[in-house]
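Below: one structure, written as C-alpha cells.
Laboratory data are not the source of any read-out in this text; all were calculated from the coordinates shown. Keep in mind it's a predicted model, so treat the numbers as computed, not measured. Cβ placement follows ideal geometry from the backbone for every residue including glycine, while neighbour counts extend to all protein chains displayed.
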Amino acid sequence: MSEQNLVTIYIDGQPVQAPAGTPIVEAAKAAGIEIPVFCHHSKLTPVGMCRMCLVRVGTPARTRTGELELDENGNPVIRWFPRLMTGCTTPITEGMHVEVNIPEVQDAWRGTLEFLLTSHPLDCPVCDKGGECPLQDLTFAYGPDLSRFYKPYKLHFEKPIPLSELIWLDRERCIYCSRCIRFCDEIANDPVLDFADRGRGQHIVSVSDVPFDSYFSGNTTDICPVGALTTEDFRFKARVWELNNVPSVCPHCPVGCNIVIGERAGDIKRIMPRQNEWVNEIWMCDKGRFGHHFVRAEDRLTTPLIKGEDGQFREATWPEALDYVANRLSAVIATEGPLAVGGIAGGRAANEDLYLFVKLFRDVLGSPNIDHRIAWPVGTGIEQAVAEVGLTSESNLNALGKGATILMLGTDVNEAQPVTYLRVRKARRSGAHVVVAQARRVKEHAEATHTLDYRVGGEAHAVVALLKAVLARLDEPFGAYKKLDGKDDVLAALEALSQEDLLAQAGLTAEAVEAAAEAIASAEHLVVMVGREALVGAGVNATTLVDAVVALLTATGKAGQPNSGLVALWPHNNTQGANDMGVLPHLLPGYEPAEAIGADIDAMLTGAAGLKAMYIMAADPVRDRPSSRAVLENLDFLVVQDLFLTETAQLADVVLPAAAFAERDGTYTSYERRVQRFDEALEPPGDAMPDWWILAQLASRFDAAWPLYTLADDVMQEIAKQVKRYKKMTYDNLEGEPVVWSTTADRHHIYTGTATLNSWFGRQWEVEAEARRPKFALRWHDLQAVEDAEGFRVVPQTRLYDNGTLIRRSTLLDQRRARPEVVLSAADAERLGVQDGDVVRLVRDGVQVEAPARIGKGVQPGVVVVPVDVDGTEWNALTGGGLEAPVVRLEKGAQA
Ligand code: SF4
Ligand code: SF4
Ligand code: FES
C-alpha cells in the first residue's frame, strides 16, 4: 500500500485509512467494521446488484473556489448524499464520512434481507450451504424477525437441476448476485453462464454446448453466497460443521494449490481451496477438487504381495516382504554388482520419500542408477537451469502486472497446470505483456499480447532468434552477469548464426520476433515458462532451447531479480522435489554434481543399462512407456511400491502398498520451488504405509546406519541439514505465521474452505542467481537444422482429464474425460479426403491405433495433435508416452 495514496475517511466517526479509490466496504472491512455484502467480492468487479451494502455517505463541502467549507467550529461541513449509497461501488475519497450504525441504514439492511427472502425457499435444514451461508448468517445478524411475505408470494422452480454433471443449481435459492457469472467471465475466461428471463423468473443458465464448460466450475460453489450452487461431489454428504478440515496440497499438478481436505468418518467428503495469495489465491481447478476419489478407491493395495513360483501373488506381512526384498536385492548385488540395480521414483512422491529413495540407492545399495523423468525429456539441462535462474524466491506471480512480461514457451497451461492460466490472465489484465510462443492454438492465446506461432520442430530456433533480437536492444547485455563463464562463447555462437536462417527454420516473421523482443527487453520483470511441448518439439535442439532461456534471463539482467526467472511446467506435482532431492543419475541432492554417474531413465527402460533388478516407486513405466514392458519382464527381480496394482506392479515380484497423500504428512515442492507441507487427514487402508517408512525399514535390513525415523518430520530435519537449498526448513517454519487475509477477513465476503485464519504457506528456496557471486556458467549447444519429417509429426497434448492412474478413479469426471482423437489441419484433411468424425489410423513401428479425426483450427500441415494417456497402452505406445515427438503414417480408417 503506497503511503501517498492513503486517504482518511470516517466511519461512524472512527477515522479509517485506506488507499484512495478503495470501495467503502473494503476500507470498512480492513478496519474491522462490517458492512454486509452479497454481490460484492473482492476478486470481482463491483456491480452493485444486491443493495445489501447500503450506507449513508457524505463528503466535505467545498466553496465555488474549491476551498473547504468550514462550520462555526472550524470543522468541514459534510454534504450528505440525498439517498443511501452502495458501499461496494462507492470509492473512498479524502475526508469522506460514512454512517453505518444508524437506524436508516439498519432499516435498509433489514429491508433488503426481507426482500431477498420473499421468494427464498427457506430450506436451510437440507441445504448444503447451511452452516457457512452468508444469507443465513446475515439474516440472523441484520434481518427481520418476521417476514410480511407469505408462502403464496413465493415463486417455485423445479428443485435442483444440473448445470452440469458436476454442479447443481437450485434456482429458488439464487439471489441474482452474478458472482458465478462474473467469475466465469472475468477470472476463468469461460463465459458460459448467464441470466435468462427477467423479473422474479430470472435464473442462471449454462450457455455452452458441453454444460458449464469450464475447468474451474467448482469455484462458483465456493463464492455463491447462498446454496444455489452446490457440487455433485458434496451434496448431502455431510453437514459442514461435522467436517474435520485438514490443510493439504493438491497432488495433481505442480502448481501446488493449497487445499483443505474435509474429512468425516474416515472419508474425504470434499476438497476446497485454501487461500494462499502466492500460489492459488482462493481458486483451484475441478481436477483438484473432484479428483480425490483414488484415495478411497476400492482397488487400493492394502497389504504387501509376493509373487510365487506359480506367478500368483500371495499376501505377506511387512517383515516377510521386506526381508524378501532385501535378500533378493542383496543376491543380485552379490553376483552382478550394485550397478545391476536401478530405481525409478515418480514425481508424485513426497520429498521425504524421494530423499530416502536416493539415500537408499546411493549410500546403501551403492547404485547411482536413479531417475524420475518418465514424462519429461532427458538431457535438456533444465533441472539445473531452474536451480540457477529459476523464479526468484519471494516472487509472487499474483503481483505481475504493468512492466512485467511473461514468455510462455510451448505451454498449454489451461490443460496441464490450470491455475497457472488464471495467474497469467490476471497478470495480463493488470497490464503485463504475455508472449505466447506455440505451434498450435491454446487457450492462453486469448491472453497473448504477442504471439510467436513457430513451426513444430523450430522451437529452439524461435527462442534463439528471440534472444538475438533482445540482445540487439540491450545497452549493456549481461550487465550484472558480465563475468559469467561461458558468456563470450554464447555471444560468439550467436554471432555466427544468421537471423534470417533462424527465422526461416522457426517459420516466424521478423516483425513478430522484433515485437516480442521489445516486450522482453523493456520488461521490468521477466518470467519465462517452459512447457513440455517446447522441449519435445525441439527434439535434439531442446538443450539449446534451455541454454537460450538461461542466456535470455541473464542477458536482460532479470535472473535473480524479484518476480522474474524460469518456471518449468513439470508434469507431476512434485517433479521439482524429485530434482531437488537428487533423483537423477548425475546430480546429488541440492544439485551437487555426482562423482558416480548412473544410468538415466532411457537407458534403464530400453535395457541399455543392462539391469538385473529394479525398484520402482510411485511410477508406472509400462503404462507410460509401453516399450519398457519387455525390459521389466526380463529382470531377475522387480519391486514396485504404489497405491494400486498398476500394469507395472503386475509384473513385479514384490508389491509394497503405499499410503496416499491424504493418509500421511510430508512436503511437496511446487514449480515455483515453494516447499509446502501437507497433513494427514485419514488412516491408510489396511497395512499401507508411507513411502518413507517403507524405505527406512528396508534400509535397516541392510544394516544401514540410518537414524531412527519415526515421523516424516524426522526425515525433513535431515533434509534441512543435508540439502543445501532446503537449509533450515522445518515443518514449523513452513507453516509460517497465521495470516488473516484482508480479502477474506470476513466470511460473508467470500468462503474459501477455511476459517479466516490461515497459514501453511510454504517457502521458496533461493536460486543460484540470487547469490552475491552466482556460481554457474552459461552453456551453449550448437543448433541442428530442422529436418522435414516423412509422415506426420505427432504433437502429444496433455489433457486435464486423462486416463491416468489417479484421475481415472474419479468416475464423476468420466463424461469430461478426453477421448482418443486425431486433430489435423484443414489442408491435410482436404488432401486426404478426411472429414470431421471420420475414423483415421495412425501407424508407427508396427503399432497402429484408430480414432476419430477432428479438423483443428491452427494445426499446422504435416502435424497431428494427439492427446496423451487417454486410452490403453497401445495408444501410449503410439504417442511415445508423451515423451518423444514421433512421426507417424496417417491413413483412412475402417469407416472413413
Ligand atoms: S447462483 Fe449463486 S452466485 Fe450465481 S447469481 Fe445466484 S446466488 Fe449468485
Ligand atoms: S491447478 Fe493443479 S494443483 Fe491446482 S487444483 Fe488444479 S490440478 Fe491441483
Ligand atoms: S450492492 Fe453492494 S454488495 Fe451488492
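Classify the stretch 498-656 as rounded, prolate or oblate, taking a ≥ b ≥ c as the square roots of the eigenvalues of its Cα gyration tensor: rounded when a/c is under 1.5, otherwise prolate if a/b is larger than b/c and oblate if not.
prolate
Pop out the ³J(HN,Hα) list for the stretch 103-119 in order, Karplus 6.51 cos²θ - 1.76 cosθ + 1.60 with θ = phi - 60°, rounded to Hz; leave Gly and Pro as x.
x, 4, 6, 4, 4, 5, 5, 4, x, 5, 5, 4, 5, 5, 8, 4, 10
For the stretch 216-289, which chymotrypsin sites (Phe, Trp or Tyr not before Pro) are in a loop by DSSP, counting at most 15 other Cβ atoms within 10 Å?
Sparse-neighbourhood loop chymotrypsin sites (Phe, Trp or Tyr not before Pro): F236.
Please list, in order along the stretch 288-300, the HN-Hα scalar couplings obtained from phi with the Karplus expression 6.51 cos²θ - 1.76 cosθ + 1.60 (θ = phi - 60°), rounded to whole Hz, x for Gly and Pro.
x, 6, 9, x, 9, 5, 5, 5, 9, 5, 5, 8, 5
Provide the gained length on full extension for the span L155 to V839, in nm with one decimal, where the gain is 0.36 nm per separating residue minus the Cα-Cα distance.
241.3 nm
I'd like the GluC sites (Glu not before Pro) in the stretch 444-542 restricted to DSSP loop residues with at most 16 other Cβ atoms within 10 Å, sorted by number.
Here the sparse-neighbourhood loop sites are E524.
Expressed as a whole number of Å, what is the distance separating the alpha-carbon centroids of the stretch 799-825 and the stretch 354-418?
First find each Cα centre; the distance between them is then 25 Å.
Pairs of Cα atoms under 8 Å, at least six residues apart: use those to get the relative contact order of the stretch 429-567, whole percent.
32
What is the sum of charges around R148, taking Lys and Arg as +1, Asp and Glu as -1, for the other residues whose C-beta is under 12 Å from the C-beta of R148?
-1
Please work out whether the stretch 792-892 counts as rounded, prolate or oblate from its C-alpha gyration tensor, where a ≥ b ≥ c are the square roots of the eigenvalues and a/c under 1.5 means rounded, while otherwise a/b larger than b/c means prolate and anything else oblate?
Prolate.
Under a 5 Å amide H to amide H cut-off, with H placed in plane at 1.01 Å, what residues pair with R62 once short-range neighbours are removed?
Under 5 Å from the amide H of R62: E69.
Once Lys and Arg get +1 and Asp and Glu get -1 on their Cβ, which of F637, L138, G610 lies farthest toward the positive end of the dipole of the chain?
About the Cα centre, the residue reaching furthest to the positive side is L138.
Could you please rank H293, H252, H120, placing first whichever residue has the fewest other Cβ atoms within 10 Å of its Cβ?
H293, H120, H252
Could you work out the relative contact order of the chain? I mean the mean sequence separation of Cα pairs under 8 Å and 6+ apart, divided by the number of residues, in percent.
Relative contact order, the chain: 13 percent.
Could you compute Rg(Cα) / (2.2 N^0.38 Å) for the stretch 633-689, with N its residue count?
That ratio works out to 1.43.
Among the trypsin sites (Lys or Arg not before Pro) in the stretch 47-81, which ones are in a DSSP loop with at most 15 other Cβ atoms within 10 Å of the Cβ? Mind listing them?
R64
Please list, ordered by chain and number, the residues whose modelled amide H lies under 5 Å from the amide H of G346; skip anything fewer than 5 residues away on the same chain.
The list, which skips near neighbours in sequence, is M617, A618, A619.
Give a residue-ordered list of calculated ³J(HN,Hα) values for the stretch 360-375 (Karplus: 6.51 cos²θ - 1.76 cosθ + 1.60, θ = phi - 60°; whole Hz; x for Gly, Pro).
Couplings: 4, 6, 6, 8, 9, 7, x, 10, x, 7, 9, 6, 10, 7, 6, 10 Hz.
What FRET efficiency comes out for the pair E72/A31, r = Cβ-Cβ distance, R0 = 30 Å, nearest 0.05?
For E72 and A31, the calculated efficiency is 0.50.
Using modelled backbone amide H atoms (1.01 Å from N, in-plane), which distant-in-sequence or interchain residues come within less than 5 Å of M529's amide H?
Those qualifying (amide H under 5 Å, at least 5 residues apart or on another chain) are L407, M408, L409, V567.
If you place +1 on the Cβ of every Lys and Arg, -1 on the Cβ of every Asp and Glu, and leave all else neutral, what size is the dipole of the chain about its Cα centre, to the nearest 20 Debye?
1740
With each pseudo-label sitting 7 Å past Cα toward Cβ, what's the V887-K307 distance in nm, one decimal?
Each label point lies 7 Å from its Cα, and together they span 3.7 nm.
What per residue convex hull volume, in Å³, comes out for the chain when only alpha-carbon positions are used?
In the chain, the Cα hull volume divided by residue count equals 194 Å³.
When a/c is below 1.5 the answer is rounded, else prolate if a/b is larger than b/c, else oblate, so apply that to the stretch 206-284 with a ≥ b ≥ c taken from the square roots of the Cα gyration tensor eigenvalues.
Oblate.
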